[in-house]
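Here the structure is laid out as C-alpha cells; the discussion comes afterwards.
The values are calculated or read from the model by the stated rules, or taken from the named source; none is laboratory data. Given the structure is predicted, the values throughout are model-derived calculations rather than measurements. So basically every Cβ, Gly included, is an ideal-geometry build from the backbone, and we count neighbours across all protein chains shown. To get the accessible areas, we keep the full protein, side chains included, count just its heavy atoms, and leave off ligands, DNA and RNA. Shrake-Rupley method; radii C 1.70, N 1.55, O 1.52, S 1.80 Å.
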Amino acid sequence: MMDQNNLSTKNGVAWSSNSYAAWVNLYGTPPEVAEKIKADPEFKLRRVIHHLPELRGLNIANPLGSNGRIATALALLGANVTVFDISESNARYASELATAADIKIEYVVGEFQSTALAHAGRFDAVVMELGIVHYFADVNHFVAAVRSLISENGLVVLNEFHPLLGKSISVNSGDISLRGDYFLTSPKIARTPFEDFIDEDIPTCLIRQWNLGEIVTAFASGGFRIQRLIEHPSRHIAQLPGTYTLVATAG
Ligand SMILES: C[S@@+](CC[C@H](N)C(=O)[O-])C[C@H]1O[C@@H](n2cnc3c(N)ncnc32)[C@H](O)[C@@H]1O
C-alpha cells in the first residue's frame, strides 16, 4: 500500500502553486465570479442539487472543494458549508469569493483525512465533485473519513470522473484507443488540472486511480447504503461513461 503522506505532500505542493492566479485567468476575479454564481446558483450545482434535500439550514461538508465555487452556490441557497482542502491558494480565492457573494463559508486548510477527525458528526450531508477519490492512497480510509463527518442517515453525493475513460481509454477526435490498464494499482504522475491556465511551471500531481467497483465496494462496506449509482455519458463520446454520481446514506 502506498503512503498517503507521499501523495498529500506532492499534491499539496502542486495545488498550492498559485492556483489563485489560474482561477482568475480561467473564471475571473472573485467579485466577477460571485456575480455569475449569484445570478444562478442552481446552475453551478446542477450535477448534485437534485440529490440533496432543501438546502436552507443544511450543514454541508465539501471535501476537496478547491476554489469554493460549489460552497458559495450552496451557501447562497441557505446551507452552512465547510470546505476541506489542502491548498492555501485555493482558500484565498474561496474566501474572497465568499466575501464578494456576501455569504460565509468555513474553509479548513489541510489534508482531508487528518482534518476530518476534528469535525466528526457535524454535518447532514457531504457533497464532492470532480477529481476527489484519486487523491487518496487507501479508498477505505477515505470513505471512513467521509463517514465520520455525518451521523446516521447522513447523505453523501459524489459526482466524479468515471475511471473507465480516466484510466484506460483515450478519445481523440472520435478515435478511441487503449491508453492504460484499468486494473492498474500503482500511483501515477498526472498534470495538475489548472496548469494550462497559468504562465508558470506547475509541479505535477501524484494520483491513485481507483476502479468503480473498488469505490462502490468501499462505500457499501464502510457504513453506507448505496441509493443510486448513475453513469453519465462522456462529453467527448456519448457512447461511453465520462462521469458518475454516487448517492449513499450513512447507516
Ligand atoms: C480537482 S480539485 C476538485 C474539484 C473541486 N471539487 C471543484 O469542483 O472545483 C481537487 C482538490 O483537491 C485538493 N486536494 C488534493 N489532495 C488533497 C488532500 N489529501 N486533502 C485535502 N485536499 C486535497 C486540491 O487542493 C484541489 O483543490
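Would you mind checking the radius of gyration and Dmax of the stretch 136-185 based on alpha-carbon positions, in Å?
15.9, 46
Per Stokes-Einstein, at 20 °C and 1.002 mPa s, what whole-number D in µm² s⁻¹ belongs to the stretch 1-57, with the Kirkwood radius over Cα pairs as the hydrodynamic radius?
148
What number comes out for accessible area per residue over the stretch 32-171 if the probe is 1.4 Å? Units Å², please. Please list the in-between numbers first.
Working: 5280 Å² over 140 residues.
On a per-residue basis, the stretch 32-171 sits at 38 Å².
Taking the Cα centre of the chain as origin and charging only Cβ (+1 Lys, Arg; -1 Asp, Glu), how large is the dipole, in debye to the nearest 20? Write down the numbers at each step before the final one.
Values: 20 positive and 26 negative charges, 107 e Å.
The calculation lands at about 520 debye.
In whole Å, what is the distance between the alpha-carbon centres of the stretch 17-94 and the stretch 129-177?
With the stretch 17-94 and the stretch 129-177 each reduced to a Cα centre, they are spaced 19 Å.
Spelling out what I want: for every residue of the stretch 128-134, take phi, set θ = phi - 60°, compute 6.51 cos²θ - 1.76 cosθ + 1.60 (Karplus), and round to whole Hz; glycine and proline get x.
3J(HN,Hα) across the stretch 128-134, in whole Hz: 9, 9, 6, x, 10, 5, 6.
Normalise the Debye intensity by I(0) for the stretch 104-143, one equal point scatterer per Cα, no solvent, then take log10 at q = 0.19 Å⁻¹ and round to two decimals.
For the stretch 104-143 at q = 0.19 Å⁻¹, log10 I(q)/I(0) is -0.69.
Based on the Cβ-Cβ distance from residue 95 to residue 56, what FRET efficiency comes out when R0 is 25 Å, to the nearest 0.05? Intermediate results must be reported in sequence, preceding the final value.
Details: r = 23 Å, r/R0 = 0.91.
For residue 95 and residue 56, the calculated efficiency is 0.65.
Could you please state how large a percent of the accessible area of the chain is carbon and sulfur, counting protein chains only and using a 1.4 Å probe? Working shown, then result.
Working: 5990 of 11440 Å².
Answer for the chain: carbon and sulfur cover 52 percent of the accessible area.
Which one, 90, 59, 25, has the greatest fluctuation when you compute a Gaussian network model over the chain with C-alpha springs under 10 angstrom?
25
What full-extension length gain, to one decimal in nm, is calculated for residue 5 and residue 201 as 0.36 nm per residue of separation minus the Cα-Cα distance?
Working: separation 196, 0.36 × 196 = 70.56 nm, distance 2.30 nm.
Length difference between fully extended and current span is 68.3 nm.
FRET efficiency for residue 122 and residue 237, Cβ-Cβ distance as r, R0 = 41 Å, nearest 0.05?
Numbers: r = 41 Å, r/R0 = 0.99.
For R0 = 41 Å, the calculated efficiency reads 0.50.
Equivalent ellipsoid semi-axes for the stretch 76-193, as square roots of 5 times the alpha carbon gyration tensor eigenvalues: give them largest first, rounded to whole Å. Walk me through the numbers before you get to the answer.
Details: eigenvalues 180, 72, 40 Å².
Taking √(5λ) for each eigenvalue gives 30, 19, 14 Å, largest first.
Order 178, 77 by their accessible area, 1.4 angstrom probe, all chains in place, largest first. Walk me through the intermediate numbers first.
Numbers: 178 145, 77 35 Å².
So, going from the largest accessible area down, we get 178, 77.
The chain: Rg/Rh from Cα coordinates, Kirkwood Rh?
Values: Rg = 17.5 Å, Rh = 18.5 Å.
Result for the chain is an Rg/Rh of 0.94.
For every helix of n ≥ 4 consecutive DSSP H residues, a contribution of -39,500 (n - 2.57) applies; sum these over the chain, divide by its total residues, and give [θ] at 222 nm rounded to the nearest 500 deg cm²/dmol.
-9500 deg cm²/dmol
Can you pull a Stokes-Einstein diffusion coefficient for the stretch 40-83 at 10 °C (1.306 mPa s), Rh from Kirkwood over Cα pairs, as a whole number of µm²/s?
Numbers: Rh = 10.2 Å.
The Stokes-Einstein estimate is 155 µm²/s.
Note the full-extension length gain between residue 140 and residue 175 as 0.36 nm times their separation in residues minus their Cα-Cα distance, in nm to one decimal. Could you put the intermediate results ahead of the total?
Working: separation 35, 0.36 × 35 = 12.60 nm, distance 3.54 nm.
So the chain would gain 9.1 nm between residue 140 and residue 175.
Which value, in Å² rounded to 10, gives the accessible area of residue 160 with a 1.4 Å probe and all protein chains present?
Approximately 10 Å² for this residue.
Rounded to whole Å and sorted largest first, what semi-axes of the equivalent ellipsoid does the C-alpha gyration tensor of the stretch 1-107 yield via the square root of 5 times each eigenvalue?
Details: eigenvalues 117, 63, 24 Å².
They are 24, 18, 11 Å, listed from largest to smallest.
State, as an integer percentage, the relative contact order of the chain based on alpha-carbon contacts under 8 Å between residues 6 or more apart.
Computed value for the chain: 20 percent relative contact order.
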